[in-house]
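Since the structure comes first, as structure tokens, the remarks are kept for the end.
The values are calculated or read from the model by the stated rules, or taken from the named source; none is laboratory data. Everything numeric here is computed off the predicted structure, so don't read it as measured data. Please note: Cβ atoms are built from the backbone with ideal geometry, for glycine as well, and neighbour counts cover all protein chains shown. When the accessible area is computed, the model is the full protein with side chains, heavy atoms only, and any ligands, DNA or RNA have been set aside. Shrake-Rupley method; radii C 1.70, N 1.55, O 1.52, S 1.80 Å.
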Amino acid sequence: MQFAGSHILSVTQFERADVERIFAVADRMQPYAHRERVTKVLDGAILGSMFFEPSTRTRVSFGSAFNLLGGEVRETTGFENSAIAKGESLYDTARVLSGYSDVIAMRHPAEGSVAEFAAASRVPVINGGDGANEHPSQALLDLYTIKKELAGRGRGIDQLRIAMVGDLRYGRTVHSLCKLLCLFKGVQVVLVSPQELCMPPAIVEELREAGHDVMTSEVLEASIAHVDIVYSTRIQEERFSSQQEADLYRGRFRLNQSIYTQHCEPNTVIMHPLPRDSRDTARELDDDLNDNPNLAIFRQTDNGVLVRMALFALVLDVVEQVDAHARDVNWYTAGRF
Ligand code: CP
């Protein structure tokens, strides 16, 4: 695809070569994300960050990624702090804010809303999550993490074996990840959820049409026995009509160190898009996994910065200029990475 000037709204806009291009650019961002080098390639550019649903990782890592490329961030969070609360349309909001920004990252609770906003925007818009629909940058960072985690084991994304566990109905990250996996070959997917929270049938059909082996289950232990990746998800309580309804499912699938040791192959990688729900009633990924070296959740969040830097560099067409605007860091950097 032509990245320069494009919106990033859905993973369905990518071919496999596009994903590989994003990953190659993400690799090149490592010295900057890891605070070895500083680049000012986007000096003077402005990111409009508009998050109308709660977010920690996506909002802050999009902002950090833009800062790390030398740009500045202007953000608004929550409808209550925006003129949308006064009845302004997405069209008007897009026309206005795209005059203030060079690129926009946006999250909104309604499916299709980010695409509607993008249609009126004068600058590229990146979907930071639209309701239960899609979360393309998360799927990219998840797949980038899978690639890196498995590389040292002589395995790749082709022939991947993955169990996706939890709320597969409302979890937009697993929707985008499944669609992205359709670009690869010979994937085995085990979908573990309560029947009421199963993966949308259209996405299961897409996986099967891509030639992938798809199994469904309501039992965690047997489903995680022969996979490379266990990808756990939170019950998306904000999509339910009541807390009581969400309570019916919370805590149904809990992975802890004991279950991992008993049922998983050695070195099975544990992933989660985060936030994990650490309340006693949920604990889909127990804290007792925190010292397990195969817990990749914080490598995922670190990789998110690399992937989001790559998206900005590609969409704003500065990939080949990043290093020319760089210098070494001149402050103390702890060994974080
Ligand atoms: N994974 C993710 O979307 O996290 P946030 O809701 O914190 O952005």
The answer for trypsin sites (Lys or Arg not before Pro) in region 38-110 that fall in a DSSP coil and have at most 16 neighbouring Cβ atoms within 10 Å is LYS40
Go through HIS226, MET309, SER6 and say which Cα lies farthest out towards the positive end of the charge dipole of the chain; charges sit on Cβ, +1 for Lys and Arg, -1 for Asp and Glu.
MET309
Suppose every Lys and Arg Cβ carries +1 and every Asp and Glu Cβ carries -1, with no other charges. What dipole size does region 206-337 come out with about its Cα centre, to the nearest 20 debye?
260
Go ahead and set up a Gaussian network model of the chain, Cα springs under 10 Å, then flag whichever of GLN236, GLN321, GLN244 fluctuates most.
GLN244
By how many degrees, between 0 and 90 and to the nearest 10, does the Cα long axis of helix 297-315 differ from the longest principal axis of the chain?
40
Using Cα springs under 10 Å in a Gaussian network model of the chain, which residue among ARG161, ARG250, ARG153 shows the largest mean-square fluctuation?
ARG153
HN-Hα J couplings of region 240-252 from phi, Karplus 6.51/-1.76/1.60, θ = phi - 60°, integer Hz, Gly and Pro as x?
8, 6, 7, 4, 4, 5, 4, 4, 4, 10, 4, x, 5
Over 23 Å between Cα atoms, which of LYS40/LYS148; LYS147/LYS179; LYS40/LYS179 qualify?
LYS40/LYS148; LYS40/LYS179
Taking amide H positions as placed in the peptide plane 1.01 Å from N, state which residues far from GLY78 in sequence (5 or more) or on other chains have amide H under 5 Å from it.
PHE51, PHE52, GLU53
Test item: Cα-centred dipole of the chain, Lys/Arg +1 and Asp/Glu -1 on Cβ, debye
600
Dipole in debye (nearest 20) - region 131-280, about Cα centre, beta carbon charges: Lys, Arg +1; Asp, Glu -1:
400
Skipping prolines and chain starts, which residues have an amide H placed within reach, meaning under 5 Å, of the one on VAL190, given they are 5 or more residues away or on another chain?
ILE162, ALA163, MET164, MET215
Going through region 74-107, which chymotrypsin sites (Phe, Trp or Tyr not before Pro) have at most 16 other Cβ atoms within 10 Å and a DSSP loop state?
TYR100
Which whole-Hz couplings ³J(HN,Hα) result when phi for each residue of region 180-186 is put into the Karplus expression 6.51 cos²θ - 1.76 cosθ + 1.60, θ = phi - 60°, listed in order with x for Gly and Pro?
5, 5, 5, 7, 10, 10, x
Carbon/sulfur fraction of accessible area - region 1-137, other protein chains in place, 1.4 Å, %:
47
Calculate one ³J(HN,Hα) per residue across region 202-212 by plugging θ = phi - 60° into the Karplus curve 6.51 cos²θ - 1.76 cosθ + 1.60, and present them in order as whole Hz with x for glycine and proline.
5, 6, 4, 4, 4, 4, 5, 5, 7, x, 7
Once amide H atoms are built 1.01 Å from N in the peptide plane, which residues 5 or more positions from VAL227, or in another chain, come under 5 Å H to H?
GLU265
Sparsely packed trypsin sites (Lys or Arg not before Pro) within region 166-231, loop by DSSP, other Cβ within 10 Å at most 16:
LYS185
Given a 1.4 Å probe and every protein chain left where it sits, what share in percent of the accessible area of region 207-331 is carbon and sulfur?
47
Using a 1.4 Å probe, what is the accessible area per residue for the chain, in Å²?
42
